[in-house]
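Okay, structure first, notes after.
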Amino acid sequence: MARTALIERKTKETTITLELHLDGDGSARVQTGIGFFDHCLQALAFHAGFYLQVAVQGDLEVDGHHTVEDVGICLGQALAKALGNKAGIMRYGSCLLPMDESLAQVALDIGGRPYLRLAYQPGAAMVGEFDTCLVEEFLRAMTNHAGLTLHVSVLAGGNAHHEVEAVFKGLGRALRQAVQIGERPVIPSTKGVLG
């Protein structure tokens with residue numbers, strides 16, 4: 001069964017089409033209007049082994065908040081839809097990812113209970129046109145709509161570009177582990193259900 005999802009979302013602030021294939025080739029076609037955010041989503045898809053296509057028309061004349069948050073909503077919805085009842089998945093994933101002077105730690109559970117714990121103080125307010133405070137908005141939106149428990153810590157840093165990119169790459173690596181199909185074709189919970 002194909003583990004794919006197509007999400008379309010239209011509000012007064014954004015219009016988004018997002019396509020996700022969990023068993024992809026790591027390629028991504030992303031156009032959000034925020035160059036560094038595109039770069040981070042491409043890195044996430046590559047390290048997760050997903051195929052990801054995202055097209056956004058957002059109110060960037062205001063700022064990037066609505067665009068980044070709404071992409072997080074759509075990615076979370078796509079993950080939930082593509083995973084279905086989650087039978088056979090490994091469920092848990094983690095990664096300790098170094099990027100030069102930066103070090104990000106990501107651990108997650110696709111358990112159906114949304115929770116985000118983020119320990120990150122950005123080294124700079126902006127990376128290009130991307131406001132680093134939006135890392136939290138993206139992660140929270142994705143977490144809530146995918147039903148993830150997600151712990152993210154930036155343990156070392158100094159260069160905001162490296163800090164944020166390490167988070168997205170680490171998230172991709174952790175997702176890759178968690179969505180992987182294991183040897184047992186059962187829902188990975190002693191309760192028999194996730195959520």
_As I understand it, the dipole of region 4-179 uses +1 on the Cβ of Lys and Arg and -1 on the Cβ of Asp and Glu, about the Cα centre. Which of L60, G128, S102 lies farthest toward its positive end?_
S102
_Dipole of the chain [Lys/Arg +1, Asp/Glu -1 at C-beta], most positive-end residue of G88, L175, T14_ = G88
*Share of antiparallel DSSP beta bridges in region 4-179, in percent to the nearest 5?*
80
*Work out the length of the dipole vector of region 115-193 about its Cα centre, built from +1 on the beta-carbon of each Lys and Arg and -1 on the beta-carbon of each Asp and Glu, and round it to the nearest 20 debye.*
480
_With the cut-off at 1.5 for a/c, could you classify the chain from its C-alpha gyration tensor as rounded, prolate or oblate?_
oblate
_Run the simple label-point estimate for M90 and D59 please: 7 Å along Cα→C-beta, distance reported in nm._
4.1
*Once the Cβ-Cβ distance between N144 and T15 is put in as r, and R0 is 25 Å, what FRET efficiency do you end up with, to the nearest 0.05?*
0.75
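As a test of the formula, what do you get for the chain when each DSSP H run with n ≥ 4 contributes -39,500 (n - 2.57) and the sum is divided by the residue count, at 222 nm and rounded to the nearest 500 deg cm²/dmol?
Details: 4 runs with 66 residues, N = 195.
Helix contribution divided over all residues of the chain: -11500 deg cm²/dmol.
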_Over the chain, relative contact order from alpha-carbon pairs under 8 Å, at least 6 apart, %_ = 26
*Working out 0.36 nm times the residue gap between D23 and Q177, then minus their Cα-Cα distance, what length gain in nm do you get to one decimal?*
54.2 nm
*Would you mind putting 106-118, 8-20 in packing order, based on average other-beta-carbon counts within 10 Å, highest first?*
106-118, 8-20
*Could you give the angle, 0 to 90 degrees to the nearest 10, between helix 134-146's Cα long axis and the longest principal axis of the Cα atoms of the chain?*
20
*asked:* Under the rule a/c < 1.5 gives rounded, and otherwise a/b versus b/c splits prolate from oblate, where does region 10-96 land using the Cα gyration tensor?
replied: prolate
*Mind putting a number on the dipole of region 4-179 about its Cα centre? Charges go on the C-beta only, +1 for Lys and Arg and -1 for Asp and Glu, and I need it in Debye to the nearest 20.*
860
_Positive-pole candidate from H161, G72, I34, dipole of the chain, charges at beta carbon_ = G72
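Every number in this text was worked out from the coordinates using simple rules, so none of it is lab data. No experiment lies behind these values; they were computed from the predicted model shown. Note: ideal-geometry Cβ built from the backbone for every residue, glycine included; neighbour counts use all protein chains shown.
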